[in-house]
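The values are calculated or read from the model by the stated rules, or taken from the named source; none is laboratory data. Since the structure is predicted, the reported quantities are computational estimates derived from the model, not experimental observations. As a convention, Cβ positions derive from the backbone with ideal geometry for all residues, glycine included, and neighbour counts pool all protein chains shown. Just the protein is used for accessible areas: all its heavy atoms, side chains included, with ligands, DNA and RNA removed. Shrake-Rupley method; radii C 1.70, N 1.55, O 1.52, S 1.80 Å.
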Amino acid sequence: MRVREEFSRSAAAYAQYNVIQKKVAQRLVGSIIDSPQRILDIGCGSGTIFKAIDWEVEHFVALDFSEAMLLNHPLSKNITCKLADFNNAKAFRTFSGRFDRIISASALQWARDLDAVFGYIAALQAPVSLAIFTCNTFKSMYDCAQLEPILRCSDEVIALAEQHFDAQYEIVTYTLAFKSPREMFRYIKKSGVSGGRRVLNYQQTKQLMREYPHDYLEFEVLFIHN
Ligand SMILES: C[S@@+](CC[C@H](N)C(=O)[O-])C[C@H]1O[C@@H](n2cnc3c(N)ncnc32)[C@H](O)[C@@H]1O
């Protein structure tokens, strides 16, 4: 599957390139005030969420479908790394006991059927803190290339989430500036933000690098919290 390949390939470089994901994780964890003890982190990557947590946790389950990402996740006796695909209901059936909170940062935008995945999460009956990239991510770049965004828009994600969670919603926009177009495009490739979806061929990428009028990229993130 392309998304998994992309994340496995970029696993080593991810820690260097995940500037925005780090900000997202810090904001998400910063909004949690009840110091949950039993946590499930969906699409944990190399542990940005675990590293942002500043209280002692009893048990942390780190779930990801990329072995390479999990190999970079912190290890300790209270951490269980679980290799599983969140698109698959089975991934959520094997937990013993309840979680105090379910966290997911910068991962669920790649859900094949987000409604179904929200359903699997809601069935675990725990409070949630979710951050999901939405369609205005890379907006200026998509506009310049006259392409449709590949991510779901925030209103669509909110409409789905409302069917499963009683939650608050917040949309946050980040911008990241680059020294050169080359650096910008390298970032897109290495950060895993493109999720393996190659929307431009080589020539189109070259043209976009020449014509893109800004030195920054935008990121739009929907935070869902209860
Ligand atoms: C952009 S990274 C975010 C990692 C981490 N949560 C963070 O905040 O830095 C997205 C992660 O989601 C994982 N992922 C994507 N699709 C997945 C799926 N279907 N099942 C499990 N993990 C998935 C990727 O392997 C990757 O580690």
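Going out from 0 in 10 Å bins, what whole percent of all Cα-Cα distances in the range 85-226 drops into each bin? Result, from short to long distances: 11, 38, 28, 17, 6, 0 percent.
Using the average count of surrounding beta-carbon atoms within 10 Å as a protection proxy, the listed peptides 72-85, 37-50, 108-121 rank, highest first, as 37-50, 108-121, 72-85. In the chain, which longest range has no GluC sites (Glu not before Pro) that are both DSSP loop (not H, G, I, E or B) and surrounded by at most 15 other Cβ atoms within 10 Å? Looking at the chain, 59-226 is the longest stretch - no exposed GluC sites (Glu not before Pro) with at most 15 other Cβ atoms within 10 Å. In the range 129-226, a dipole from Cβ-located charges (positive for Lys and Arg, negative for Asp and Glu) runs towards its positive end, and of Ala159, Tyr187, Ile224 it is Tyr187 whose Cα lies farthest in that direction.
Once the Cα-Cα distance is subtracted from the 0.36 nm per residue extended length, the Asp115 to Gln163 segment shows a gain of 16.4 nm.
Between Ile150 and Gln125, the C-beta separation translates, for a Förster distance of 22 Å, into a calculated FRET efficiency of about 0.10. Derived scalar couplings between HN and Hα for the range 24-33 equal 4, 4, 5, 5, 5, 5, x, 8, 8, 10 Hz in order, rounded to whole Hz, by the Karplus curve 6.51 cos²θ - 1.76 cosθ + 1.60 (θ = phi - 60°), x for Gly and Pro. Which of the pairs Lys22/Lys82; Lys90/Lys189; Lys22/Lys206; Lys82/Lys189; Lys51/Lys139 have their Cα atoms more than 23 Å apart in this structure? Checking Cα-Cα distances, Lys90/Lys189; Lys22/Lys206; Lys82/Lys189; Lys51/Lys139 exceed 23 Å. Left without a cysteine partner by the 4.7 Å Cβ rule in the chain: Cys44, Cys81, Cys144. Taking all protein chains into account, the per residue accessible area for the chain stands at 50 Å² (1.4 Å probe). For the chain, give the share of DSSP beta bridges that are antiparallel, in percent and rounded to the nearest 5; count only bridges with both residues there. For the chain, the DSSP antiparallel bridge percentage is about 45.
Within the accessible area of the chain, what % is carbon and sulfur when the probe is 1.4 Å and the other protein chains stay in place? For the chain, the apolar C and S fraction of the accessible surface comes to 48 percent. Computed from backbone phi, the HN-Hα couplings of the range 111-116 come to 5, 5, 10, 5, 4, 5 Hz, rounded to whole numbers (Karplus: 6.51 cos²θ - 1.76 cosθ + 1.60, θ = phi - 60°; Gly and Pro given as x).
Express in nm, to one decimal, how much length is gained between Leu83 and Ser180 on full extension, taking 0.36 nm for each residue of separation and deducting their alpha carbon distance.
The Leu83-Ser180 span can extend by a further 31.2 nm.
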